[in-house]
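Participant: So that we are looking at the same thing, I have put the structure below in structure tokens.
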């Protein structure tokens with residue numbers, strides 16, 4: 001029977017096996033920043049590959065993009081981030097710890113979606129009975145105040161031409177800014193999507209639970225553009241597609257569910273939003289967001305058309321966005337550069353957008369948690385990661401039974417042949433049973449052992465991770481055998 005997974009088990013395994021390390025650990029570490037080790041980077045890359053294959057490669061209506069992290073300041077003015085992307089915080093008068101106001105609520109389910117600051121201020125609650133999570137003081141808080149989440153930096157060597165820039169807090173805006181470029185350089189027609197995977201940065205007030213919420217993270221986002229009136233149909237389509245993706249990659253159905261956003265949770269521009277939530281092992285088990293699917297209507301493209309018309313004001317202000325008001329929407333907005341002309345229906349409109357937005361780091365954590373297992377085997381505890389084959393960092397490990405009789409040479413030749421096709425690992429150190437256990441803990445689906453019989457009949461032992469069953473396979477059929485198993 002599988003052991004109930006605790007976060008401490010995952011953190012310990014990740015450090016011990018080289019999945020994830022604390023950033024700058026030799027200097028005491030940097031809070032909420034993490035480095036992916038040799039196995040971790042393979043896992044994370046496999047999560048990204050699986051997402052890209054599902055969302056882009058296997059579809060005819062989605063294309064890819066890779067946008068710059070640094071973007072023109074007007075991008076963030078137009079999107080609303082420059083003015084409103086903030087968390088509402090309160091400071092404990094006793095210990096001076098700042099905490100997000102929504103994290104001081106009495107609800108057991110924590111809502112972590114960032115909403116615009118006007119909405120947050122309107123929802124500000126009486127803090128007289130709230131408890132400081134640091135020192136335990138009750139009701140000892142300052143008045144709530146906004147804390148801006150975007151990291152600032154400067155671009156330019158000279159004072160006259162330098163400007164304040166921001167590290168992007170999301171990847172979506174780069175897609176909207178390139179909408180016209182994609183239309184003009186490809187043969188896409190609405191409905192179609194633009195996808196990208198990339199780093200985003202948020203100066204979070206409260207970080208949490210290992211890699212679940214960090215200040216530097218990776219997103220996989222799709223902006224799917226559709227004709228107004230068809231948006232609800234596409235919203236349902238992407239809800240189903242994204243939920244099934246997690247199931248297909250091995251997450252247990254009982255650990256996944258949808259959570260519809262209440263009307264007072266929705267961003268002001270959103271027509272609807274639902275979260276795919278996973279039951280993470282925080283405390284006794286908390287449902288937390290893995291991915292959000294939102295109907296963003298035509299808000300973003302309209303805003304960027306306003307921003308384009310405001311550009312001269314930005315130059316006149318010498319980069320001070322706080323003094324700029326976005327231009328009103330022109331009556332001829334349907335003729336703007338971010339509109340779409342349907343030459344079959346002979347009509348022009350601003351497309352609606354359905355946005356599935358997933359966190360790669362959160363997904364990797366969920367796959368780690370769901371795959372983790374412990375079981376008793378002949379009186380010993382076996383720790384293993386039951387990864388879906390597509391996600392396993394190493395697909396096959398190759399062992400010589402002993403370091404003599406030509407076995408290392410045969411095993412090395414097999415290793416060199418197989419690694420052309422998928423990630424492999426060679427190990428000849430220690431008893432073969434211990435080598436099996438090391439690979440179980442790394443999540444490797446198959447172990448191949450060269451033994452005395454190999455020299456007699458050119459067969460090797462193939463051992464399966466989950467069942468521990470062993471079969472003899474001819475060396476000339478080994479590659480085909482593994483490929484069939486890995487693609488199953």
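The values are calculated or read from the model by the stated rules, or taken from the named source; none is laboratory data. Bear in mind that the values here come from a model prediction, so they are computed numbers and not experimental data. Here the Cβ is made from the backbone with ideal geometry for all residues, glycine too, and neighbour counts use every protein chain on show.
Participant: Looking at (1) surrounded by fewer than 20 Cβ atoms within 10 Å (Cβ to Cβ); (2) modelled with pLDDT of 95 or more; (3) in contact with a helix residue (DSSP H, G or I) (Cβ under 9 Å, 6 or more places away or on another chain), which is the one condition that is false for residue 209?
Facilitator: (2)
Participant: Could you identify the single residue in 404, 335 that is farther than 30 Å from residue 420 by Cα, surrounded by fewer than 21 Cβ atoms within 10 Å (Cβ to Cβ) and out of contact with any helix residue (DSSP H, G or I) (no Cβ under 7 Å at 6 or more places or on another chain)? I'd like the intermediate steps shown before the answer.
Facilitator: On the way: 404 fails: farther than 30 Å from residue 420 by Cα.
Testing whether each residue is farther than 30 Å from residue 420 by Cα, surrounded by fewer than 21 Cβ atoms within 10 Å (Cβ to Cβ) and out of contact with any helix residue (DSSP H, G or I) (no Cβ under 7 Å at 6 or more places or on another chain) leaves just 335.
Participant: Of the residues 358, 364, 327, which single one is buried (at least 21 other Cβ atoms within 10 Å of the Cβ) and touching a helix residue (DSSP H, G or I) at 6+ places or on another chain (Cβ under 6 Å)?
Facilitator: 364 is the lone residue from the list that is buried (at least 21 other Cβ atoms within 10 Å of the Cβ) and touching a helix residue (DSSP H, G or I) at 6+ places or on another chain (Cβ under 6 Å).
Participant: Continuing with the same structure: Kindly provide the set of residues from segment 10-37 that are out of contact with any helix residue (DSSP H, G or I) (no Cβ under 9 Å at 6 or more places or on another chain) and in contact (Cβ under 8 Å) with a residue 12 or more places away in the chain, ordered by number.
Facilitator: Residues of segment 10-37 that are out of contact with any helix residue (DSSP H, G or I) (no Cβ under 9 Å at 6 or more places or on another chain), as a first pass: 11-12, 15, 23-33.
Within segment 10-37, 11, 23, 31, 32, 33 meet the criteria.
Condition check ((1) surrounded by 14 or more Cβ atoms within 10 Å (Cβ to Cβ); (2) modelled with pLDDT under 85; (3) over 27 Å from the mean Cα position of the chain (by Cα)) across all residues:
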position	(1), (2), (3)
88	yes, yes, no
92	yes, no, yes
100	yes, yes, no
111	yes, yes, no
152	no, no, no
159	no, yes, yes
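Participant: Those residues that are at negative phi, part of a loop (DSSP other than H, G, I, E, B) and either exposed (fewer than 15 other Cβ atoms within 10 Å of the Cβ) or touching a residue at least 60 places away in the same chain (Cβ under 8 Å) (or both), I need them from segment 134-150; list them, please.
Facilitator: The answer is 134, 135, 142, 143, 149, 150.
Participant: Still on this structure, I have one more. Could you list, in sequence order, the residues of segment 43-60 that are in contact with a strand residue (DSSP E or B) (Cβ under 9 Å, 6 or more places away or on another chain) and crowded, with 21+ Cβ neighbours inside 10 Å?
Facilitator: Residues satisfying the conditions are 43, 44, 47, 51, 55.
Participant: Across segment 375-395, which residue is surrounded by the most Cβ atoms within 10 Å (Cβ to Cβ) among those that are farther than 25 Å from residue 482 by Cα and touching a strand residue (DSSP E or B) at 6+ places or on another chain (Cβ under 7 Å)?
Facilitator: Once the filter is applied, the top-ranked residue is 375.
Participant: Here is a further query. Looking at (1) surrounded by 14 or more Cβ atoms within 10 Å (Cβ to Cβ); (2) in contact with a strand residue (DSSP E or B) (Cβ under 7 Å, 6 or more places away or on another chain), which is the only condition residue 72 fails?
Facilitator: The one condition residue 72 does not meet is (2).
Participant: I would also like to ask the following. What's the total number of residues in segment 343-355 that are assigned to a strand (DSSP E or B) and surrounded by 16 or more Cβ atoms within 10 Å (Cβ to Cβ)?
Facilitator: Total satisfying the criteria: 5.
Participant: Does residue 458 satisfy the criteria of being surrounded by fewer than 17 Cβ atoms within 10 Å (Cβ to Cβ), closer than 29 Å to residue 53 by Cα and without any contact (Cβ under 8 Å) to a residue 40 or more places away in the chain?
Facilitator: Judged against the criteria, residue 458 is not a match.
Participant: Of all residues in segment 432-455 being in a loop (DSSP other than H, G, I, E, B) and under 38 Å from the mean Cα position of the chain (by Cα), which is surrounded by the fewest Cβ atoms within 10 Å (Cβ to Cβ)?
Facilitator: 445
Participant: Now for a different question. Could you list, in sequence order, the residues of segment 118-130 that are crowded, with 20+ Cβ neighbours inside 10 Å and at pLDDT below 80?
Facilitator: Within segment 118-130, just 120 meets the criteria.
Participant: Now, a different point. Pull up segment 309-321, narrow it to residues that are in contact (Cβ under 8 Å) with a residue 12 or more places away in the chain and within 35 Å of the chain's Cα centre (by Cα), then point me to the one that is nearest to residue 83 (Cα to Cα).
Facilitator: Among those residues, the one meeting the criterion is 321.
Participant: Hey, does segment 372-382 have a residue that's touching a helix residue (DSSP H, G or I) at 6+ places or on another chain (Cβ under 7 Å), outside any loop (DSSP other than H, G, I, E, B) and in contact (Cβ under 8 Å) with a residue 12 or more places away in the chain?
Facilitator: yes
Participant: For residue 224, which of the numbered conditions (1) touching a strand residue (DSSP E or B) at 6+ places or on another chain (Cβ under 9 Å); (2) over 30 Å from residue 351 (Cα atoms) fails to hold?
Facilitator: If we test residue 224 against (1) touching a strand residue (DSSP E or B) at 6+ places or on another chain (Cβ under 9 Å); (2) over 30 Å from residue 351 (Cα atoms), just (2) comes out false.
Participant: What is the residue count in segment 210-229 for residues that are within 16 Å of residue 342 (Cβ to Cβ) and assigned to a strand (DSSP E or B)?
Facilitator: 2
Participant: Any chance segment 259-271 includes a residue that's in a strand (DSSP E or B), within 21 Å of residue 247 (Cα to Cα) and free of Cβ contacts under 8 Å to residues at least 24 places away in the same chain? Give the derivation first.
Facilitator: Taking segment 259-271 as the starting set, the residues that turn out to be in a strand (DSSP E or B) are 259-260.
Keeping just the survivors that are within 21 Å of residue 247 (Cα to Cα) gives 259-260.
Okay, now just the ones that are also free of Cβ contacts under 8 Å to residues at least 24 places away in the same chain, so 260.
Yes; the residues of segment 259-271 include at least one that is in a strand (DSSP E or B), within 21 Å of residue 247 (Cα to Cα) and free of Cβ contacts under 8 Å to residues at least 24 places away in the same chain.
Participant: Further question on the same structure: Restricting the search to segment 393-405, which residues are closer than 19 Å to residue 473 by Cβ and not in a strand (DSSP E or B)?
Facilitator: Those that are closer than 19 Å to residue 473 by Cβ and not in a strand (DSSP E or B): 394, 395, 401.
Participant: Please work out which residue is modelled with the lowest pLDDT, limiting yourself to segment 475-488 and to residues that are more than 12 Å from residue 395 (Cβ to Cβ) and either part of a loop (DSSP other than H, G, I, E, B) or in contact with a helix residue (DSSP H, G or I) (Cβ under 8 Å, 6 or more places away or on another chain) (or both).
Facilitator: Taking the candidates together, the pick is 488.
Participant: Out of everything in segment 283-309 that is part of a loop (DSSP other than H, G, I, E, B) and out of contact with any strand residue (DSSP E or B) (no Cβ under 7 Å at 6 or more places or on another chain), what residue ends up being modelled with the lowest pLDDT?
Facilitator: Here the answer is 284.
Participant: Residue 419 fails exactly one of the following numbered conditions: (1) surrounded by fewer than 21 Cβ atoms within 10 Å (Cβ to Cβ); (2) touching a helix residue (DSSP H, G or I) at 6+ places or on another chain (Cβ under 8 Å); (3) under 15 Å from residue 483 (Cα atoms). What is the number of that condition?
Facilitator: For residue 419, the exception is condition (2).
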